[in-house]
Structures are given as structure tokens and as C-alpha cells.
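The values are calculated or read from the model by the stated rules, or taken from the named source; none is laboratory data. Bear in mind the structure is a predicted one, so any value in this text is a computation, not a measurement. Counting neighbours? That spans all protein chains shown, and the Cβs are built from the backbone with ideal geometry, glycine included.
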Amino acid sequence: MHASYMETLREAMSMVSGYIYPNELELQWSVLIVLYPYITGLVAGAFILASLERVFNVTAVKPTYRLSLLMALAFLLIAPLPLQVHLGQPQRAFEIFMTPNTSSAMAMFGFVYVWYLMAVLLVEIWLDYRREIVAWSKSEPFWPKRLFYKLLTFGVDNVSPRSLAIDDKVGRALTVIGLPSAVLLHGYVGFIFGSIKANPWWSTPLMPVIFLFSAMASGIAGVLLVYMFLCWARDEHIEMPCIDTVAKFFLTALIVAFTLEMLETLQTAYEAEEHFDIISLLVEGKLYFSMIFVQMFMGSLIPMFLLGLCQLFELPEKVRKVFYSASAILSLIGILAMRWNVVVGGQFFSKSLRGFTTYKMELAGREGLVSALVLGFMPLVVLALLLYLLPPWGESAHRRKEPA
Amino acid sequence: MNRRHFLRTAALAVAAFAGRAVAAPLAAAEKFFKEPPWRRKKPYWGYAVDVAKCIGCGRCVDACKTENDVPREPFYFRTWVERYVLRRTGEVSVDSPNGGLDGYPAPREPESIAQSFFVPKLCGHCENSPCEQVCPVGASFKTVDGVVLVDRKYCIGCRYCIQACPYGCRYFHPELQVADKCTLCYHRITKGLQPACVENCPTGARMFGDLSDPESALTKFRETERIQTLKPHMGTEPKLVYKGLHKEVR
């Protein structure tokens, strides 16, 4: 492994253009670190969509409420894995909790993550499902599953209307706390990059905001797509008012994210500081396909155009469904490309601003393509398991009164 | 809450804010005008490079790799030497083949060269070191005598510090799987010796010394020469200074 890695680096040496500091040949943050903000973004986006219904009473999106929460949980459970796999000394990862360096943005990850997972998401899902969990713990015929539900009740099987009303109240309060927590979680991921002054491609105060809005777009796109897929797979009717409303929020998030990215680009070009030449070369060269074509054209402009058409004209249901799913798929690819362009793109050019290194992704190996694919699909496996254990359909509308 | 109670609370709050309004600028000013740490701590190590004296022999790079068991592959360095070639056309080319360890190929079209020089590079042991700032577990730290080090037994290998260093001075050790960098040969300087690179420099281009000692050669050098640091706009305050740095050097 070691010898073959050295061989890869030696090969990469022949692909360096211009001058780079000698230590810069090796790209430090690989494809796994591309996955990390992508997965976290899906968490934040899905949760923000869920909170639309809970906090802002957008009742039309109710059919996606529980699905959004489960998606957020599935992706959140996997989010730290790419980081963990990437560490040189994974067995010491826990030191981030034990002896955090308070001046390090990264050290805060553990706390933001644990807060969001333990204090917000798990409690909210539990409260929302409590009534069913109690029912399943009594009626489930398959005993291991019944035991699982029994454990999940934590010994509380009071489902009186008063107790459910308290659940609802606490749940709503939690979502109100959860919303800034979700924003914090992903804004923080942007800060990890935005606060690195050594790298002009990353160092911008807009980075957390751009990450946040693209996260919202990706999370909403993810939920939209999974919802439509599940309806199709279960041979159920797709609630058109629901996906029409979700699509509106999707379009809004896309427009804000795209506008912020453009503002950032314009500002960089207009100020044209010392690093501008190398950044233009980067965008027009190594990142042309992944940034201009995939991220901007395919991942932003086409979805905005398609979703815009649905807003402007009264298109038939079938066409809207096709447009929505196409936009969701395209922007999910586009946002993955955006993460790639930030993480890997930012490491292509030398901090001497005089040249470029290259990235040769391994196929196997700890940080190879296979590893990335496995980690990338793992949240979907977890989601399938969660859907099996906590089916979001059926009684989902039981607990709350319709607002007047 | 009656009116008297309310007024008393409000007056206390205003007094607290007023007190802070006086104290905060004073504290900020004190921080701004503070003396460099080497006025307070002894010893406090610093480093200087006289660019004009470097001949690009690469002995420092070799000495560093040998002394500190730095991997021999050409992409891991604690110190390296860059060659700058500035042509009359305005073209600037920089190279550092194998960190300058094996010498440099003869430049093409020597008649078109306006000037050429070598610049040794190493960690600046910055006062405001971004690597130390971003390390999530505090494995990167500054010693009481001003040297930025990595605790190999504590580093988790996240590589955030490598990203944060504006000067490219850190690398990821392929065997140890932790971040690695120049220690100013801490094992030597704490015994009264010079760092290996300084000891092996045949021209005296590299200088090491105690900034807290007003009589040290380094202090005299800093007092009498026009010195510069790399990328001063980063605000990192490196303790590595250069004499005769060209504007093209980054």
C-alpha cells in the first residue's frame, strides 16, 4: 500500500504545472472530505424542510415531514464516518471531545454534532413517533422488533390525549431550537473552510452562507426525490400540493445559493487581488467542467429553469413530476460537484500562487473511489432500515390539529 | 417589580456597561501595544535568512532530512531551497527540484536572465500561528521558548494544520500518519546546539539565535538590517525573517 501510494505521488509529480511548494504535491483532503459537507448538507436541508411544517405551519408539506426527519437522521449517523476514515490516527478521534482546542473550528464539530443528534433530532423523532411506538410495542408480531419498540418506549406507555399534547408542544419547541441548530451545523461546516486564510479559494465570510443555502437546496431535493420514489415504489398517489410546495422552497433555495455564489465570484473578479490570476486559471482550466458545466449550468441553471417553468405556467401533473425529479437529480449532482470544487479545487493550486498540483483518486484503498461510493450510499441503507423500523406513512397526520 | 426596584436595576446595568466601555478600550490598547514575547520570556528562539548569501548547495536540506528522519521522497520537507530566475522579459520562474537537495539544472538562455537567487524556506514559528489555532486537539502547540511543535502522540491526523499553513511548511508523515514540520531541531537547541540546517550552511545564510538576548547575533541582525517576513498580510508574525527578499518571493 505504502509503496504503491508513493508510486502514485511520483506519477503525480509529472503532472504538476508551474511551481508548487514541495509539500503541496500530496492533496491532503481527498474525496472523503468532499462527501462530508455533502452529507451534512443533506442533513441540514432535510431538517429545515421538516421544520417548515412544524414551525411555520406549511401544512402542504406534511406528507414529507417524517421522511425528512428520518432522512436527516440517516445522513447524520453516517456524516462523521468519512472524517473518521480519513484520519491518520482514527483511534485518537475521541480526543476532540476530551481535550478540544477551543480556538479550533474543527474541535467544535463534536459538540455541534452531538447537540444536534442527541438533543434535537433523536428526541424530536422519538416524540413524534411515541404514540406508534407504544402501539407497536404491543401489537408487533415479530418478537425482536416488538422488543426493540418496547425498549424505545423507555417504559413510558402513556398515550393519553394530554400526554400527546405535551409531546406535541415539546416537539414544536424542539424544532424551534432545532432550526438554528441545523443552520449552525452546516454553517459551521462552511466556516471550517471559510476561516482558512491561507487559502484564498476558501477564505471568504460568505462560505458558511453559501454552504447553508446549497445545503438547503440539496436537502430539499433529496427529500423530494426520495418521497417521489417511495410513492412510486409503494404504488401510492403522490400528493401534488405537497411536491408543488416543496418545489417552491427548492427553487427559492437554489436561487439564493446561486446568487450568493455569483456575488462571490463577481467580488473576487472585481477586486482582482494577488490570487486572482491563479484562480482564473483554476476555474477556466482544471475546474471548468466540474464548476462551469456541472455545478453552474447543469446543477443550478437547468433546475432553476425547469422549476421556474412550473411556477410560470400551469403544466400538467405528469410534466411537473418529471421536471421536479429531473431538477432534484441535477441539483444533487451539481451540489456534489460544488463540494468537490470547493474541497478538491481549493487544493489544486499552490499557496505560492505559481502552479497547480493534481489529484489522482485511488480506486481501492482507504480514501479511494470504492470507499467513497460505499460511504456515499450508506446513508440510503440506513434510511431503508429506519423506514422499515419507523414507517413514516399511514398514521402520520394523527397527532396535530389542522391549523384553522 | 416596583418603580424603585426597576430604577435600581436599570442604574446598575448602565453602570456595568459604562464600566466596560472604559475598561474594554484600555484592554484592547494594551493588547495592541504589547511588547513582543521575547521581552518577557528567556530564551525565545528566532531565525533569520540572508538571501544574498545562499548559494543553493542544498546541504541544509540534506542535513535536516538526516537529522530529523524526514522521509527521503521528494515531496516531504521540513526545509527546502527555492531558486528564482527573473528574466529581462519579466518572466519569473521558480523551481526547487527535490527541495534543492540535488542541485539545480542549468537555466536555459542564461543571457536573458536579469537576476537569479536562492531562497531557503522553513517554518516561521509564527507568533500567531494558524496551524496551532486550527488544531482540534491542541497537538500543535507553541513551547514557552517560542517554537511551534507537533505532539506526535497526540495528533489525530486530520491535516487541518497543513491546510492552514500559508507557507506550505507542513506535510503528512507517510509512516507515522501524523502532521510533521520543522522543530528548529528542538532536541539540539535545548542542549545549546544550533539547528542542523544552520550548522551545515557553509555561507552563514541561515542564522539562529535567542531573540530575548540583546547581544545575540540574531538580535543585532534584526536591529541593523532591513528585514522582511513572508506574506506579512496574513498577520501570522513569523519569527523567521529575511534580508534581501525580492517581491516575487511568496
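Quick notes
- Among strands (runs of 3 or more DSSP E) entirely within region B:83-168, having at least 1 residues that are over 26 Å from A:MET98 (Cα atoms) singles out B:92-95, B:113-122.
- Summed over region B:170-187, the residues that are at the interface with chain A (Cβ under 7 Å from one of its Cβ atoms) and either in a loop (DSSP other than H, G, I, E, B) or buried (at least 23 other Cβ atoms within 10 Å of the Cβ) (or both) give a count of 5.
- Going through (1) aromatic (Phe, Trp, Tyr); (2) over 17 Å from the mean Cα position of the chain (by Cα); (3) over 16 Å from A:LEU336 (Cβ atoms) one by one, A:PHE47 falls short only on (2).
- Scanning region B:1-56 for residues being assigned to a helix (DSSP H, G or I) and over 30 Å from B:LEU245 (Cβ atoms) gives a total of 28.
- If you filter region A:21-35 down to residues that are among the hydrophobic types (A, V, I, L, M, F, W, C) and farther than 19 Å from B:VAL70 by Cα, you find that the one that is nearest to the other protein chains (Cβ to nearest Cβ) is A:TRP29.
- In region B:136-153, residue nearest to B:LYS41 (Cα to Cα) [restricted to those that are facing another protein chain (nearest Cβ under 7 Å) and without any contact (Cβ under 8 Å) to a residue 24 or more places away in the chain]: B:GLY138
- Set B:CYS155, B:CYS57, B:CYS64, B:CYS135: member being within 30 Å of B:ASP213 (Cα to Cα) and among the hydrophobic types (A, V, I, L, M, F, W, C): B:CYS64
- Per the conditions (1) part of a helix (DSSP H, G or I); (2) surrounded by fewer than 22 Cβ atoms within 10 Å (Cβ to Cβ), the sole criterion not satisfied by A:ASN23 is (2).
- No other residue among B:GLY99, B:GLY58 is more than 19 Å from the chain's Cα centre (by Cα) and either over 30 Å from A:TYR21 (Cβ atoms) or not β-branched (Val, Ile, Thr) (or both) apart from B:GLY58.
- Residue match in region A:188-207 (condition: away from every other protein chain (no Cβ under 14 Å) and of a type in the set (Phe, Trp, Tyr)): no
- Residue match in region B:77-97 (condition: touching a residue at least 12 places away in the same chain (Cβ under 8 Å), out of contact with any helix residue (DSSP H, G or I) (no Cβ under 6 Å at 6 or more places or on another chain), away from chain A (no Cβ under 14 Å) and not basic (Lys, Arg)): yes
- Looking only at region B:206-227, and only at residues there that are touching a Phe, Trp or Tyr at 6+ places or on another chain (Cβ under 7 Å) and assigned to a strand (DSSP E or B), the one that is nearest to B:ARG40 (Cα to Cα): B:ASP210
- Subset tally (residues that are modelled with pLDDT under 85 and not basic (Lys, Arg)) for region B:3-39: 15
- Residue match in region A:32-53 (condition: over 19 Å from B:GLY157 (Cβ atoms), touching a Ser or Thr at 6+ places or on another chain (Cβ under 9 Å), at pLDDT below 95 and among the hydroxyl-bearing types (Ser, Thr, Tyr)): yes
- Only residues that are over 17 Å from A:GLY285 (Cα atoms) and facing another protein chain (nearest Cβ under 8 Å) were counted in region A:349-368, giving 2.
- Selection status of A:ALA257, of a type in the set (Gly, Ala, Ser) and buried (at least 19 other Cβ atoms within 10 Å of the Cβ): yes
- In region B:103-126, residue farthest from the other protein chains (Cβ to nearest Cβ) [restricted to those that are surrounded by fewer than 18 Cβ atoms within 10 Å (Cβ to Cβ) and in contact with a Ser or Thr (Cβ under 8 Å, 6 or more places away or on another chain)]: B:SER112
- For first residues located in region A:315-335 and under 20 Å from A:TRP232 (Cα atoms), partners that are loosely packed, with under 15 Cβ neighbours inside 10 Å and lie 6+ apart or on another chain with Cβ distances below 7 Å form the pairs A:GLU317/A:MET240; A:PHE323/A:LEU309.
- Within region A:81-137, tally of residues that are more than 12 Å from chain B (Cβ to nearest Cβ), under 25 Å from the mean Cα position of the chain (by Cα) and of a type in the set (A, V, I, L, M): 12
- Scanning region A:314-352 for residues that are in contact with a Gly (Cβ under 9 Å, 6 or more places away or on another chain) and farther than 23 Å from A:MET298 by Cα yields A:PHE349, A:SER350, A:LYS351, A:SER352.
- Residue within region A:349-359 that is in a helix (DSSP H, G or I) and at pLDDT 95 or above present: no
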